[in-house]
Amino acid sequence: MNPSPTIVELDDRAVLAVTGADARSFLQGLLTNDLDQLAVDCPLYAGLLSPQGKALFDMILFADPDGVLVDVAAARGPALARRLSMYRLRKAVTIAPSPLRVLAGWNGAEAGHPADPRFAALGARWLADGATPGSAAYDAHRLQVGVPDSADIGEDELLWLETGADLLGGVSFTKGCYVGQENTARMHHRDKVRRRLVPVSIAGDPGDGVVRDAAGRTAGTLRSHAGGLGIAHLRLEAAAGPLTAGGAALTVGRPAWLEPALAAAVAGA
């Protein structure tokens, strides 16, 4: 039997409205993606980075007649608003919370809504007045699909390309300057991404979440996990396994978005 269509409100997400005559140009100079590509039916995945290229905030952008609507982890919304305000200076930009809610739909509930810009298998993602809260159901879904999210990325911990942003449509290498662009572009062009967030299946108790290879060496750390599935920050050379965390055996998944990175790691081994 096919799974039922599912639509939920992501109650752990919030929406910021960045409005005004300079809203798009303002964000274009800060964020990793190209806002010239943002359209009503084409949301964008993007990040705001530190000058060193580490992820401070990940977000999904939606076009709005008055500017741009920003879908961000609710716990990080106020900090993002403050950070953006630091850069505003004299630009014609207003940054304020929006009453809109973030909705996601999958298993056939995607019709009429834009696809999640990271990976089509996640389903649709859009903004509306609200629906039945279901962040836990969504997390189970996205772990099944094998895509990292804000809980895996953290704040000022991982380089933007280590999050998989280059494989998940979260960075433009042609748009020009943005905060953290220099190191991000250097890593990309020199093929220096040696660690990434990857999906894993977990058989057993992962204990403290430290991932080890067959020789007992630290290979990475487990980030979010539930129901025997998770996301690990892992040295790609160790992805073929065997891997353990605590008393659990870990197996790296191979969703289509990650396959190019895993293949390149094998070729470069």
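The values are calculated or read from the model by the stated rules, or taken from the named source; none is laboratory data. Since we're looking at a predicted model, the values are computed, not measured. Because the Cβ atoms are built from the backbone with ideal geometry, glycine has one as well, and the counts that use them run over all protein chains shown.
Which one is surrounded by the fewest Cβ atoms within 10 Å (Cβ to Cβ) among residues in region 48-96 that are within 19 Å of Thr163 (Cα to Cα) and polar (S, T, N, Q)? Per the stated criteria, the residue is Gln52.
So that you can scan it fast, the table gives a plain yes or no per residue for (1) modelled with pLDDT under 95; (2) among the aromatic types (Phe, Trp, Tyr); (3) under 24 Å from Ile60 (Cβ atoms):
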| position | (1), (2), (3) |
| --- | --- |
| Asp139 | no, no, yes |
| Gly154 | no, no, yes |
| Tyr178 | no, yes, yes |
| His188 | yes, no, yes |
| Asp205 | no, no, no |
| Ser224 | yes, no, yes |
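For region 162-201, filtered to residues that are assigned to a loop (DSSP other than H, G, I, E, B) and of a type in the set (Ser, Thr, Tyr), the residue that is nearest to Thr244 (Cα to Cα) is Ser172. When we screen Val171, Val252 for residues that are under 15 Å from the mean Cα position of the chain (by Cα) and on the phi < 0 side of the Ramachandran plot, the only hit is Val171. Restricted to region 1-105, the set of strands (runs of 3 or more DSSP E) holding at least 2 residues that are charged (D, E, K, R) comprises 55-64. Figure legend. Inter-residue proximity from region 246-264: first residues surrounded by fewer than 17 Cβ atoms within 10 Å (Cβ to Cβ), second residues among the hydrophobic types (A, V, I, L, M, F, W, C), beta-carbon distance below 6 Å, spacing 6+ or different chains. Indicated pairs: Ala249/Ala203. Does Gly154 qualify as being outside the structural domain of His233 (by TED's automatic domain parsing) and under 12 Å from the mean Cα position of the chain (by Cα)? Yes; evaluated as a whole, the condition is true for this residue. Could you give me the residue pairs with C-beta distances under 6 Å whose first residue belongs to region 51-71 and is closer than 14 Å to Ala39 by Cβ, whose second residue is at pLDDT 95 or above and among the acidic types (Asp, Glu) wherever it lies, and which are 6+ apart or on separate chains? From region 51-71, the pairs are Ile60/Asp71.
Could you tell me whether region 99-121 includes any residue that is closer than 24 Å to Glu259 by Cα, touching a Phe, Trp or Tyr at 6+ places or on another chain (Cβ under 9 Å) and not assigned by TED's automatic domain parsing to the domain that holds Leu49? No - not one qualifying residue is present in region 99-121. What are the residue pairs meeting all of these: first residue in region 133-144, first residue over 10 Å from Ala226 (Cα atoms) and touching a residue at least 24 places away in the same chain (Cβ under 8 Å), second residue aromatic (Phe, Trp, Tyr) and part of a strand (DSSP E or B), Cβ atoms under 8 Å, and 6 or more apart or on different chains? Close Cβ pairs satisfying both conditions: His141/Trp106.
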